[in-house]
Amino acid sequence: MRFDSPAEQNVSDRMKVLGQPLRRIDGPLKTTGMAPYAYERHGVAKDQLVGYPVGSAIAKGRIVSMDIDEAQASPGVVGIVTTLEMERLPKVDWNVAYLFGGREIQHYHQAIAVVVANSFEEARAAAALIRVEYEEDQDATYDLAAVRQERLSDDVEPIDNIGDFESAYASAEVTLDATYTTPGQCHAQMEPHATIAQWDGDHLTLWTSNQMIEWSRQALATTFDLPAENFRLDSPYIGGGFGVKLFLRADAVMAALAARKVGRAVKLALPRPMSANNTTHRGLTIQRIRIGASQEGKITAIGHDNATNTLPGGDGENGARATRRFYAGENRLLINRALEIHLPESNAMRAPGETAGLMALEIAMDEMAEKLGMDPVEFRIINDTQVDPSHPERQFSERHFIECLQRGAEVFNWASRNKAPGSRREGAWLIGHGVAGAYRDAPAETSGARVSVRPDGSIRVETDMTDIGTGSYTIIAQTAAEMMGVSLEVVNVDLGDSRHPVSAGSGGQWGAASSTAGVYAACLALRKKIAERLAVDPEALEFSEGYVRYNDQQTALSELASAGSITAEDSIEFGDFRSEEYQLATFGAHFVEVAVHATTGEIRVRRMLAVCDAGRILNPMTARSQVIGAMTMGVGAALMESLAVDTRHGFFVNHDLAGYEVPVHADIPEQQVIFLEGEDPYSTPLKAKGVGELGICGVSAAVANAVYNATGARVRDYPITLDKFLDRLPEIA
Amino acid sequence: MATIAFLLNGAPHQCEVSPNTSILTLLREHLALTGTKEGCASGDCGACTVAIGEQNADTHTFTSANACITPAHQLQGRHLVTIEGLAKEGRLHPAQEAMIECHGSQCGFCTPGIVMSLFTLHNDLTQRPAPLTPERLEAALGGNLCRCTGYRPIRDAALRMNDMPYERPQWQDAALSTSENDAEITDPTAKTPFFAQPLSLAALTRLRQEAPQARLVAGGTDLWLESTQRLASLDQLIDVSRVAELLTVEATTFEGQPGWWIGAGVTYTQLEPLFEEHFPAFAHLLHRLGSQQIRNRGTLGGNIANASPIGDTPPVLLALGARVELASVKGSRCLALENFFLDYKQTAMAADEVVSRIFIPQAIERSQLRVWKLSKRREDDISAVLGAFSYRIEQGVLHDVRIAFGGMAATPKRAQAAEATLEGSAITADAFRAAQRSLDEDFQPMSDVRGSQHYRQQAAKNLFERLYLSLSAPDREVMLHAYAH
């Protein structure tokens, strides 16, 4: 079905199952260890061999030679595939770096060989015996700050150049010109990349861990030069992704190449220490922000100049995106300098662009409010906009940012915050409060599903949609239960299999809204089919408690399907009105209280509140879980997460969970989340939008602003570690 | 190959695996029990947490461990409980039930490890009822990373599970196999793999002499990373964790000093009660050493023999004037700990020797110990700088000053110039400033991801400032606890 106009009253509005805070239906499987993840699917293919990858030891250059004789002779080795055996394999545009093949090295730990052996230990031992001779390029650059400095005068096509920014800024009554930096960040998802591959003639099956089944099927078709139909991917459980599993990655390509070479199934996992440099990261940024405003606090000019690292062909972390549609201001100059730096591939990580962009912009807003002598909540309210500032003819479908700020201020008791930076002490601790706004677009993508009523009266839903921890299983089951009038327990959901209808997949915060809309469409098709069987107008049917009711009659679903399952399939396609006539987005406000130790500078986050405006919430429990998880990642980004760059050799040094530090239990306080009541009929028939990325947007800046408020020391260089302000702490009385 | 006999989720089990097999590989690859996950293979994330049970009177006491870095052969005669074992006949364990109810799981990959940590906590609470304080919760969960949920739902589950009815099932305390695996090694000089598990010091030193090329393993918390991270093959191993003499703590007098001989195989967890009573500052440090899983496995002897410059206990032991006993077939010798560390990962231990015991002298009257660990993260982290200060104050003057640092040199090392500066000084700002200056003589630290040279030097000096402040205004001293809220 097409979604060509705003949703009206429909079956999903019943909200008996949808909208309820229901436990995730995959909970029992996950807490008993029975949910199967990619690397452990021993049963799917017989006689699996084990592959172990070899990564490049240089960041840029070429391989002169590879000596695999010793490895080949090592015990248990069945075969070795090296990158020199083939030309560089083609890739789709979603991937920036090439995944395998050829002599050229684009980045450190690029996959260059895979050793296949009977056991993991044998494969690993043999991999260590491969000798590689490299020729390193001397012109490679790994230092973003240096390259940015050299290329500041480059003519870059702005993202937005509206009005006359330079004049407006020059004549503004109050101005801010500040530069912020964010480091590379690692997804650090708990499950490493892993794939089991098996060929049957020229057909390949991959049991893997991937967020976007269809994208990866298309990518495989390109890479292996075979029709997409020849590939099957199966990815029912995914141990976290956050963007690092959006695209086809080297684990899948290596497993496929290895399986082809040895003629048997091969399983392969990327070892954790290879993940950071072999796969992707959130790019580093250096962001210069200039804001001009009137004395009254109206923004008249806003400029955001973002520099970020990328390999050729990528966008990096486009921080300037965040400024496009968030605040009003007639004169705007937004630039993204995607600079070619020969670090590994920078690509999407949870809310790409907005995360790093708001880390900077929302500190700038705080600094500006201070210059104006205004409450930062008030300053943001004054500069709210109900139209897309880059296309003022387009309204936001729903935008309740002001309400987020006001509600948050009230619940957080913002009025009693510390008002003068560095002035509130509780014992040994300096107490500070910070606020930041959150913005993230709410896109939707075509999404399909197949729904059946089975002879036992149960409902089965099949779609290639994935659940990366987000709760897809649960909200899809809720949607089908609501639409077909059954209880959640009798809905069976099968996800992540490319044999199922193509869905939107998990990415860009569109998964929940799009995939449930697809299930809605398929359920409507099934209802229609049932109506046809009963020769009744579908509008006259009522589905409830496992029965179809019409004209004073009722039939059990099990009876209808007693001769065999009734199945329908459909897909939802979103009309242009959704993206062209309106701007759809989600909004939020984050409030944070921190304590900073007055003598040591140690930072403790004490309480956090998020107020979110994201349309109808399909399941408050899974949605809340998304938001608090994202807030936690935001605390990590604010206070500790940073990929350390070796600017001599071009790699990330802290490429494991010992060195790349993410928050732990003791770092995270009580977190409160409020969802504003509301629906967005312009979004989907279910009037829902995503929240998984909104949750991280702005959090880090709220923490940063709170640290400033506690200490009076402004840090513009993330992560905010105590060494960056220790010498600026207030004098101890 | 050698046979291991152990209880697996209440049922006797026997299998043959090579010495370098970890419990995680045993489970996932040999037994096809894949509920236990591999997230990092380095003991950092806790996704592979399992419970290991040992006989304690009529019941088994379970402790959590990282299966990825624990040798499978150490299971001999013990009880391994995995995520698959908890639910019986469709009834979930309260840890599982509570995790579902409190929405403590998202992607689910860390969940089995978290459930197992909760299981050991639950077991602990039923055996030794005591309030579930924030500190206890933090300790129980600190070794489990989660990237999805935001942690508080897991904490909620930990609190919730205790309100759920539970009857300890019989399988949890099934009879343990008593057979020991003290197999003789037929030809230790050959390249044949072995995992020897001597029970006495005599047997250990004999093996050590016969097979000096073999590696010694206690908790495996560092050694095993050589296998998982550096791709080394650990196929000849001598397990010290069952050597009776290495497992005792004896209060005694040595060279006229009262104190304790602590067996090299005593784990951090086992040391906690002794340190709580006699060296609270040391006990406080233990709470921040690794994670619960690591503390349950790691040993004092291993921390010393490993000779890492960033091990947590050596600087404290140096400050306390500890001695280390080295044993071989020829007998034993004792040396001051500072004479044990020679250079980066180089020690005075000969190829045929083992660290058998450590002597910690009892604190003499009025002496004090301060220990400060600086690491980037509150828990589950390695020190950037660790400073340990031992001293005695008599009439306002410092005596017997012993100061040692980790993370400042190639070995854990005493700050002798700074010690000399403070020895016999009154507690004045000037004296401490002088000590800070002397620190430049003592150390020229290096830069790495845990801290730059400048940061390390500055932070180490700041610890002198902190010591001065705490001595000059004792009521102002603040020990940071995890929850400042």
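I want to confirm something. Restricting to region A:677-686 and keeping residues that are more than 20 Å from the chain's Cα centre (by Cα) and open to solvent by less than 10 Å² (accessible area, probe 1.4 Å), which single residue is farthest from the other protein chains (Cβ to nearest Cβ)? Only one residue tops the list, namely A:PRO685.
Taking residues in region A:380-405 that are closer than 11 Å to A:GLU581 by Cα, and partners anywhere that are of a type in the set (Gly, Ala, Ser), the pairs with Cβ atoms closer than 8 Å and at least 6 places apart or on different chains are A:PHE396/A:ALA585; A:SER397/A:SER683.
One residue alone among B:ILE304, B:ILE294, B:ILE262 is under 16 Å from B:ALA218 (Cα atoms) and either part of a strand (DSSP E or B) or touching a Cys at 6+ places or on another chain (Cβ under 6 Å) (or both), and that residue is B:ILE262.
For region A:648-664, the condition holds for at least one residue, the condition being that it is without any contact (Cβ under 8 Å) to a residue 40 or more places away in the chain, under 20 Å from the mean Cα position of the chain (by Cα) and surrounded by 21 or more Cβ atoms within 10 Å (Cβ to Cβ). Output the residues belonging to region B:371-416 that are within 14 Å of another protein chain (Cβ to nearest Cβ), open to solvent by 30 Å² or more (accessible area, probe 1.4 Å) and under 13 Å from B:PRO315 (Cβ atoms). Selection gives B:LEU374 alone. Cβ-Cβ distances below 9 Å connect the following pairs, each with a first residue in region B:119-132 that is over 16 Å from B:GLY85 (Cα atoms) and in a loop (DSSP other than H, G, I, E, B), a second residue that is at pLDDT below 90 and open to solvent by less than 60 Å² (accessible area, probe 1.4 Å), and a separation of six or more residues or different chains: B:ALA130/B:ARG136.
From the list B:PHE119, B:PHE109, which residue is open to solvent by less than 20 Å² (accessible area, probe 1.4 Å), at the interface with chain A (Cβ under 8 Å from one of its Cβ atoms) and among the aromatic types (Phe, Trp, Tyr)?
Numbers: B:PHE119 fails: at the interface with chain A (Cβ under 8 Å from one of its Cβ atoms).
Criteria check complete, one pass: B:PHE109.
Any residue in region B:148-157 that is among the basic types (Lys, Arg), more than 9 Å from chain A (Cβ to nearest Cβ) and part of a helix (DSSP H, G or I)? No, region B:148-157 contains no residue that is among the basic types (Lys, Arg), more than 9 Å from chain A (Cβ to nearest Cβ) and part of a helix (DSSP H, G or I).
From the list A:ASP305, A:ASP315, the one residue that fits, being charged (D, E, K, R), open to solvent by 10 Å² or more (accessible area, probe 1.4 Å), within 15 Å of A:LEU334 (Cβ to Cβ) and at pLDDT below 95, is A:ASP315. When region B:224-267 is limited to residues that are free of Cβ contacts under 8 Å to residues at least 40 places away in the same chain and within 23 Å of B:ILE69 (Cα to Cα), the one that is surrounded by the most Cβ atoms within 10 Å (Cβ to Cβ) turns out to be B:VAL266. For region B:30-40, the count of residues that are open to solvent by 10 Å² or more (accessible area, probe 1.4 Å), closer than 13 Å to B:GLY113 by Cβ, within 12 Å of another protein chain (Cβ to nearest Cβ) and within 25 Å of the chain's Cα centre (by Cα) is at least one. Set side by side, the residues B:GLU138, B:GLU167 differ, and just one is more than 30 Å from B:PRO198 (Cα to Cα), open to solvent by 10 Å² or more (accessible area, probe 1.4 Å), of a type in the set (Asp, Glu) and at the interface with another protein chain (Cβ under 10 Å from one of its Cβ atoms), which is B:GLU138. When each of A:GLU150, A:GLU157, A:GLU166, A:GLU133 is tested for being more than 29 Å from A:ALA35 (Cβ to Cβ), touching a Ser or Thr at 6+ places or on another chain (Cβ under 6 Å) and not assigned by TED's automatic domain parsing to the domain that holds A:VAL664, the lone residue that passes is A:GLU133. Annotation: of all residues in region A:599-621 being open to solvent by less than 10 Å² (accessible area, probe 1.4 Å), within 11 Å of chain B (Cβ to nearest Cβ) and more than 20 Å from A:ASN413 (Cα to Cα), the one that is farthest from the chain's Cα centre (by Cα) is A:GLY601.
For A:ASN95, the requirement of being not small (Gly, Ala, Ser) and not assigned by TED's automatic domain parsing to the domain that holds A:ALA221 is not met.
Give region B:72-97 a look and list any residue that's in contact (Cβ under 8 Å) with a residue 12 or more places away in the chain, within 9 Å of another protein chain (Cβ to nearest Cβ) and under 18 Å from B:PHE62 (Cβ atoms), or say none. Quick ask: steps written out before the conclusion?
At the first step, the residues of region B:72-97 found to be in contact (Cβ under 8 Å) with a residue 12 or more places away in the chain are B:72-86, B:88, B:93-97.
This time we only want the ones that are within 9 Å of another protein chain (Cβ to nearest Cβ), so: B:82-84, B:86, B:93, B:95-97.
Scanning region B:72-97 gives B:THR82, B:ILE83, B:GLU84, B:LEU86, B:HIS93, B:ALA95, B:GLN96.
For region A:704-728, the set of residues classified as out of contact with any strand residue (DSSP E or B) (no Cβ under 8 Å at 6 or more places or on another chain) and either hydrophobic (A, V, I, L, M, F, W, C) or within 12 Å of chain B (Cβ to nearest Cβ) (or both) consists of A:ALA713, A:VAL715, A:PRO719, A:THR721, A:ASP723, A:PHE725, A:LEU726, A:ASP727, listed by residue number.
Considering region B:41-60, the residues that are within 13 Å of chain A (Cβ to nearest Cβ) and hydroxyl-bearing (Ser, Thr, Tyr) include one that is farthest from B:LEU231 (Cα to Cα), namely B:THR49. Has region B:417-430 got any residue that is at positive phi and either surrounded by 19 or more Cβ atoms within 10 Å (Cβ to Cβ) or acidic (Asp, Glu) (or both)? Checked against the condition, which is being at positive phi and either surrounded by 19 or more Cβ atoms within 10 Å (Cβ to Cβ) or acidic (Asp, Glu) (or both), region B:417-430 yields no hits at all. Can you find, within region A:445-470, the residue that is nearest to A:ASP26 (Cα to Cα) among those that are of a type in the set (A, V, I, L, M) and part of a loop (DSSP other than H, G, I, E, B)? Among residues in region A:445-470 that are of a type in the set (A, V, I, L, M) and part of a loop (DSSP other than H, G, I, E, B), the one nearest to A:ASP26 (Cα to Cα) is A:ILE468. In the condition set (1) open to solvent by less than 30 Å² (accessible area, probe 1.4 Å); (2) farther than 19 Å from A:ILE572 by Cα; (3) in contact with a Ser or Thr (Cβ under 8 Å, 6 or more places away or on another chain), A:SER452 is compliant with all but (2).
Just need a number here: residues in region A:690-713 that are open to solvent by 10 Å² or more (accessible area, probe 1.4 Å) and more than 30 Å from A:ALA420 (Cβ to Cβ). Working first, answer last.
Step one: list which residues in region A:690-713 are open to solvent by 10 Å² or more (accessible area, probe 1.4 Å), which gives A:691-693, A:708-709, A:712.
Going one step further and asking which of them are more than 30 Å from A:ALA420 (Cβ to Cβ), we end up with A:691-693.
Final tally of qualifying residues: 3.
For the condition out of contact with any Cys (no Cβ under 9 Å at 6 or more places or on another chain), at negative phi and in a loop (DSSP other than H, G, I, E, B), B:PRO12 does not qualify. For A:ARG260, are the conditions met, namely being open to solvent by 10 Å² or more (accessible area, probe 1.4 Å), in contact with a Leu (Cβ under 9 Å, 6 or more places away or on another chain) and more than 20 Å from A:ILE468 (Cβ to Cβ)? Answer is yes for this residue. Every condition in (1) of a type in the set (D, E, K, R); (2) open to solvent by 40 Å² or more (accessible area, probe 1.4 Å); (3) away from every other protein chain (no Cβ under 14 Å) holds for A:ARG23 except the one numbered (3).
In region A:129-142, the qualifying residues are those that are at pLDDT 95 or above and either open to solvent by 60 Å² or more (accessible area, probe 1.4 Å) or closer than 28 Å to A:LEU268 by Cα (or both), and the one that is nearest to the other protein chains (Cβ to nearest Cβ) is A:LEU129. Inside region A:45-90, residues that are farther than 9 Å from A:ALA113 by Cβ and among the β-branched types (Val, Ile, Thr) make up a count of 6.
The values are calculated or read from the model by the stated rules, or taken from the named source; none is laboratory data. Keep in mind that what you see is a predicted model, and the values were worked out from it rather than measured. Note that each Cβ is placed from the backbone with ideal geometry, even for glycine, and that neighbours are counted across all protein chains shown. In case anyone asks, the SASA skips ligands and DNA or RNA and just uses the protein heavy atoms, side chains included. Shrake-Rupley method; radii C 1.70, N 1.55, O 1.52, S 1.80 Å.
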